[in-house]
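Encoded as structure tokens, the structure appears first; notes follow it.
The values are calculated or read from the model by the stated rules, or taken from the named source; none is laboratory data. Keep in mind it's a predicted model, so treat the numbers as computed, not measured. Note that we place each Cβ from the backbone using ideal geometry, even for glycine, and neighbour counts take in every protein chain shown. Heads up: the accessible areas ignore ligands, DNA and RNA and are worked out on the full protein's heavy atoms, side chains in. Shrake-Rupley method; radii C 1.70, N 1.55, O 1.52, S 1.80 Å.
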Amino acid sequence: MRGTRTAAAIIACCAVLASASGCTTKQANESQPGSDLPTPTVQAKGDAIVVAVAPDQPIAVAVPGLGHLTAPAGTFSAPGKLIARRLQSDSQDGSLVVVGGSGVDVAFEGTSLVSPITVLFDDPAATRDLPKDALPVVLHKPDGGDWEAKLLSRTADGVPYISTREFSPNLLGWIPIPGWIRNLADSFADFTTQRTDARPCGGPAAPGWSSVDKRTTLVHLCSITNADRAEIQVQSNRRFYQWVGVPAGADYIWVEGQPDPLRRVIAKVTGHDIGSNVLLAGNGRFTAGYKQPAQTARKDFNAYLDPWSAGLSVGISVLGLNPSTNVSSAVLIVAKCVTQLLPFPSADGAKAFLGCFVTQALKNLENPDVALSAAKDLFGEAAYAKEAEEGLKQAKDRLRYLGRFLKVAGIITSTFPQLPDLFSSWGNDQPGRFTLELKGRPAPQATQPTGGSGGNQSTPPAPQQPHAVSPYDNYGAANAGRAMCRGNPGNSRSVPGGTASQTFVVPAGVSSIDHMLVQIDPDATVTGHLKVYVNGGLAATADAAAAGDTHFSFGAVGVSAGQTVTLSLGFTATSGKIITVYTAGAPGGTFTASNSCPDGAPNVSTSATGLRAVVSGWS
């Protein structure tokens with residue numbers, strides 16, 4: 001079972017790699033040691049195979065030593081002849097693609113192809129040298145062109161095949177998969193399945209005035225007494241990075257493998273508040289200590305995933321570095337590519353991110369001095385910038401191999417019509433909330449007044465009444481319109497619908513939010529779909545028709561100071577292609593416009609301005 005899953009994971013991993021590069025550049029027709037594609041010498045072997053064909057007849061032509069050519073009725077434009085020639089070729093050392101030695105060329109007389117012919121490599125002689133875990137490919141040489149590689153599909157019983165209308169030499173070959181790529185594929189598969197063993201809870205029993213309420217499987221929890229504080233110990237129950245939102249009032253926060261200077265670097269680069277967010281590595285641990293409060297309090301934590309944690313998980317696996325001690329190396333490159341995963345990770349975002357990650361890491365290695373200077377600018381200090389660069393140097397061989405792979409795989413991107421979503425199951429047991437309950441200190445015993453029943457009596461203050469607040473208030477003059485794909489299924493150039501998102505940190509004095517006003521060009525055929533996330537967990541949804549000043553109301557969402565709220569606004573429509581939202585001012589947080597429809601609405605990620613909107617709630 002493990003072997004089956006590993007093989008599938010390798011294919012999925014390499015599918016991501018193959019899809020990750022948009023490169024369609026032809027390879028130079030020159031073979032050198034370490035080059036990406038060979039340039040084999042090809043010659044015909046044996047007599048030509050000539051078969052009469054007709055539009056109303058299927059074909060199944062045996063090619064000895066190779067397999068079969070098959071096609072259904074309707075493949076040919078007119079009666080004529082199919083002429084197949086078996087090919088043999090030499091093999092060359094040092095190329096990324098290995099040539100298997102056999103192939104086929106097909107020509108036609110009196111007819112042409114209306115639809116593709118399938119080449120089945122089902123003769124054992126053709127595939128006897130094909131390694132089990134290799135990626136089978138066809139090396140194809142167009143007339144007058146250079147060699148290119150195309151990934152083969154497999155039948156249900158594992159036979160490699162390709163359906164094509166392009167006939168000139170087609171040679172069977174494969175890309176060997178190194179052991180470390182098999183391990184990388186395994187690590188991607190393990191993201192969604194592996195759990196960790198809980199560590200012993202070290203220290204004296206937790207104080208009687210504290211208790212823990214665990215409502216998630218994302219983490220292991222225990223609590224102890226540390227001096228006069230209740231200490232909660234939080235260990236990741238996953239193999240990938242995740243964030244944990246930490247409530248206010250902690251006397252201290254300690255993170256395994258992350259000294260406070262490194263935590264400040266991570267917070268600076270990722271835009272997370274160091275006092276209220278912890279980046280937790282797979283199987284990593286952190287602790288937070290709280291003193292007994294004067295009044296009973298609930299300290300609500302939340303484990304969550306976001307584009308940064310997803311990108312760091314994939315990046316550290318690609319680099320092959322220790323997630324507990326080399327996070328700075330991953331942060332350095334993820335910072336250049338995280339926009340590919342905004343507003344939330346997806347399959348398409350995964351392939352774009354991975355291509356960006358490998359490309360940017362290789363660029364970083366080209367000029368170490370320039371890269372170190374850029375890292376210092378990003379991190380704001382030298383020590384961790386140097387540490388990040390050293391980690392990348394350790395991974396240079398892996399990165400260079402992946403770079404070679406992408407040069408070939410970019411040519412065969414179109415053979416991956418569907419990409420497994422590496423992120424689809426991450427954290428599917430969200431929300432990741434857990435609570436540390438703290439009972440208040442006992443009230444001091446009241447002393448009886450002397451000298452009669454008189455005495456000065458103080459009147460307790462009346463409880464403060466909730467009042468309306470606007471934790472995000474950004475409805476000044478618009479500075480730009482932001483085009484968004486409408487998501488109209490009746491117009492293929494508008495789908496999928498785009499997503500506009502805005503983050504902000506909850507200020508003090510806000511206990512809940514329940515309403516958003518946002519400017520969307522008025523059009524009753526367009527519907528906005530709002531999702532409200534608090535520290536990465538989905539907290540509320542609401543829909544509204546685009547109406548200029550567009551109002552979204554939702555059930556009260558409890559928030560506290562320091563938490564990060566993400567407003568994610570998607571679109572569907574019944575007409576048109578583009579709808580516009582607006583930005584204004586400089587409210588802080590990050591505004592993102594994410595579009596992938598063919599009409600070309602731009603992608604934007606900026607902290608220089610923000611969504612023109614107002615979020616309302618109560619103190």
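The table below gives the values:
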| read-out | value |
| --- | --- |
| Residue (of Val99, Thr39, Pro160) at the positive-pole extreme of segment 26-182, dipole from beta-carbon charges | Pro160 |
| With DNA, RNA and ligands ignored, accessible area of Arg195 (1.4 Å probe; Å², nearest 10) | 100 |
| Gain upon complete extension [Ala477, Tyr252; 0.36 nm per residue less C-alpha separation] | 76.8 nm |
| Pairs beyond 27 Å (Cα-Cα), from Lys363/Lys577; Lys351/Lys393; Lys299/Lys336; Lys299/Lys351; Lys141/Lys393; Lys132/Lys363 | Lys363/Lys577; Lys299/Lys336; Lys299/Lys351; Lys141/Lys393; Lys132/Lys363 |
| Separation of the Val370 and Arg215 label points, Cα + 7 Å toward Cβ, nm | 5.1 |
| Projected label distance in nm at Arg165 and Gln360, using a 7 Å step from Cα toward the beta-carbon | 3.9 |
| Ser91-Tyr401 FRET efficiency (beta carbon distance; Förster radius 22 Å; 0.05 resolution) | 0.65 |
| Stretchable slack from Arg493 to Lys386, in nm (0.36 nm times residue separation minus alpha-carbon distance) | 33.9 nm |
| Label-to-label distance, nm, for residues given as Gln394 and Val50 (7 Å Cα→Cβ offset) | 6.6 |
| Efficiency of FRET from Cβ geometry, Thr541 and Lys132, R₀ 60 Å, rounded to 0.05 | 0.80 |
| Extension gain, Asp146 back to Ser511 (0.36 nm per residue minus Cα-Cα distance, nm) | 124.9 nm |
